[in-house]
1. Quick check on my filter: what residues within segment 709-756 are of a type in the set (D, E, K, R) and within 29 Å of TRP540 (Cα to Cα)?
2. Answer with yes or no whether SER410 is modelled with pLDDT of 95 or more, among the small types (Gly, Ala, Ser) and either surrounded by fewer than 20 Cβ atoms within 10 Å (Cβ to Cβ) or not in a helix (DSSP H, G or I) (or both).
3. Taking the condition of being open to solvent by 70 Å² or more (accessible area, probe 1.4 Å) and in a helix (DSSP H, G or I), how many residues in segment 504-524 meet it?
4. Return the only residue of SER595, SER527, SER599 being of a type in the set (Ser, Thr, Tyr), over 27 Å from VAL423 (Cβ atoms) and open to solvent by less than 60 Å² (accessible area, probe 1.4 Å).
5. For segment 199-216, check the following and say yes or no: at least one residue is touching a Leu at 6+ places or on another chain (Cβ under 6 Å), over 21 Å from LEU10 (Cβ atoms) and assigned by the TED database to the domain that holds SER108.
6. Exactly one of (1) in a helix (DSSP H, G or I); (2) closer than 20 Å to CYS626 by Cβ is unmet by ARG563. Its number?
7. Return yes when PHE428 is touching a residue at least 60 places away in the same chain (Cβ under 8 Å), touching a His at 6+ places or on another chain (Cβ under 8 Å) and in a helix (DSSP H, G or I) and no when it is not.
Amino acid sequence: FKGGDTCEYLLSSGRFLGEKVWQPHSCMMHKYKNSEAKNCLVDKHIVFIGDSRIRQLFYSFIKLINPQVKEEGNKHGNIPFEDKSASIKVDFLWYPEVNGSMRQRIKSWTEGSVAKPHVIVVGAATWSIKIHNGSNEALTQYKINITSIAPLLEKLAKSSDVYWVLQDPVYEDMLSDSRKMITNEKIDAYNEAAVRILNSSSRNSKAKVKVFSVSKLIAQETIMKSADGLHVPELSRDTNAMILMNVYCNKIMKPIDGSCCQPEPPLTLIQKLAFCFFTLSIIGYLIINLIHRNNFRKNKSCTDLESGEEKKPAISTPNVSTLEMLLHSFCKLGLIMTYFYLCDRANLFMKENKFYTHSSFFIPIVYILVLGVFYTENTKETKVLNREQTDEWKGWMQLVILIYHISGASTFLPVYMHIRVLVAAYLFQTGYGHFSYFWIKGDFGVYRVCQVLFRLNFLVVVLCIVMDRPYQFYYFVPLVTVWFMIIYATLAIWPQVVQKKANGNCLWHFGLLLKLICLLTCIYFLSYSQGAFEKIFSFWPLSKCFELNGNVYEWWFRWKLDRYVVFHGMLFAFIYLALQKRQMISEGKGDPLFSNRVSNVLLFISIVSFLTYSVWASSCKNKTECNELHPSVSVVQILAFILIRNIPGYVRSVYSSFFAWFGKISLELFICQYHIWLAADTKGILVLIPGYPMFNVLVSTFIFVCVAHEISQITNDLAQIVVPKDNSTLLKRLLCIAGFFSGLLLFSAMQDQSRH
């Protein structure tokens, strides 16, 4: 289903999500703030021509520029408005009938060197019906008058945006006696005449007067709330004004969540090079595949005439198989990236705004929890936070986060605060997992570091290139990458303290604790010194990675929001491994973690702590204040969950294979959702099948999960090739990667220069 002309859809079709949110067909509407409206309309002149209903639209429009405007002045006269700070002029011209006077005014803009308005909004009919008592002669005259005005409007449309507003329906039961002749039947006849004449005129002209017919649909849903049956309620007029703003401003301001009327972005130099690379990979793979098939046919086992034995075909050399595997991976990745581009950069598929309801969030949550419990299996080991359990934890958290994003639940503060804990829990696992590995293995080699960095960043780097997005846009990957490097640096710098060394001398434990205290001090300092933090990450080339919209504030905000939780994860790992080494906990199958008495007390405290945090999060009234407390208190619910999940022996011995499966591809799911499940860089929802919301979600979800799983496999395959265990080969690869990123920075600088 092709998206088509989203401007036409915006002006002609849509539906209400709930009672107040208007959803245009196929595209997303941006909600313009006063500052954005001023920036768009600077040095512009907009004119509204018509009757009292056009005057309503005029007032709603200027309130988008200045909300303090009061609706006062001569109701049956011209009303000027000017914003001197932005040099914006908006005029309402009182012409309640389509007649000679209106024609003369419009004609004056087409003559000579008279300054023409940039936007003209015209509409009238109800006065003609009222004054002439709904006579057929009045309709005939209306047609004649519009026919004479249409060529003038078409002439203006060559240099200005011209909109003809169709007449909204009335609520006949509420009309006063003096307006009873204004019926919906008459209004439909006038609208039909206007559309037919304007469309006929536009067929003979390259320019086109845009028919603003969507106001009819909006009024049909809201006219019952009208004060007098004729004038539309505030919701209708405000929605119409916002539609007008989107029609004119989206192509100028290019808001991410305003896909209506936005042209397809041009391909950048880097995107073109990526396209060529993937095309060559596909061609290369097909050529090698054909050569192999041809060789296979030639070497197909044949009978030796002398011995009667079968000769086995020659085995391909490892170099060829590695090359084939590399090209095969890039071939699949190229096709997947094409799908990404078509979904979220090309105007091929439709996009819609999110709309939150409690049912749209909580019903899917209950559904996946039931599924997760249904797929319960025994774990291979019964240690605290064993591999199956951490995969399960990542899996159900990722599914909840996905539902949170697609349902638009960020507008509901209690849900937002709980989701913040889930993101913190991911980072907690980062601290716990990497600390445990370095502490137990003592492996600080380059190979381990490169493997982790490649697996974390490969997909994001490819998306930055293909989707033309900065690295910081996918904020979670920079977050876990930086924290991994901090953990590595903390443990790798002299003196290196690992479990083997600490077992020989307990004093090494104090050395490690001293390192952790230094780390905590640095975190505390940077969290309260925004200037120092921004200086560190504003140095080139770090700034290229961490800047978003020209500054690193977003990166500082994301880092600060969960600044302590990685440290908490490291500290928990240290305490747990120390207790495990001294056999102070019991991790046998079915055994409680501690003695029955201690286990019961800790379990009670954990449940109370878990619920207390939920009560606090649910009572949050201000997002800013709650975000300030979150870094210090999120660990309470995380630790409470770990203890509830691990203290009872039976609970620790089972896991959900359903959640664990998703946990293994949780990173890919989190990143892929940006473009092929959600849309407009997570601001909206991708629509593959319009008109069937549930079926659309099922289809897009199936494709999305399959793609995430495939990318996970591609990443694992490429990690083995790009990051080999041999140090000399690895060094060569690192030099190639450094060259690649140097070229990327060079091309990026060229792109930025051409844009400016």
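1. Within segment 709-756, LYS732, ARG733, ASP752, ARG755 qualify.
2. Answer is no for this residue.
3. Number satisfying all stated conditions: 10.
4. The unique qualifying residue is SER599.
5. no
6. Checking ARG563 against (1) in a helix (DSSP H, G or I); (2) closer than 20 Å to CYS626 by Cβ, the one that fails is (1).
7. yes
Listed here are the residues, each with its yes/no results for (1) crowded, with 22+ Cβ neighbours inside 10 Å; (2) in contact with a His (Cβ under 9 Å, 6 or more places away or on another chain); (3) more than 21 Å from TRP94 (Cβ to Cβ).
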| site | (1), (2), (3) |
| --- | --- |
| LYS38 | no, no, yes |
| SER52 | no, yes, no |
| ASN74 | no, no, no |
| ASN78 | no, no, no |
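The values are calculated or read from the model by the stated rules, or taken from the named source; none is laboratory data. Worth saying up front: this structure is predicted, and the values here are computed from it rather than measured. Here the Cβ is made from the backbone with ideal geometry for all residues, glycine too, and neighbour counts use every protein chain on show. Please note that ligands, DNA and RNA were not included when accessible areas were found on the heavy atoms of the full protein model with its side chains. Shrake-Rupley method; radii C 1.70, N 1.55, O 1.52, S 1.80 Å.
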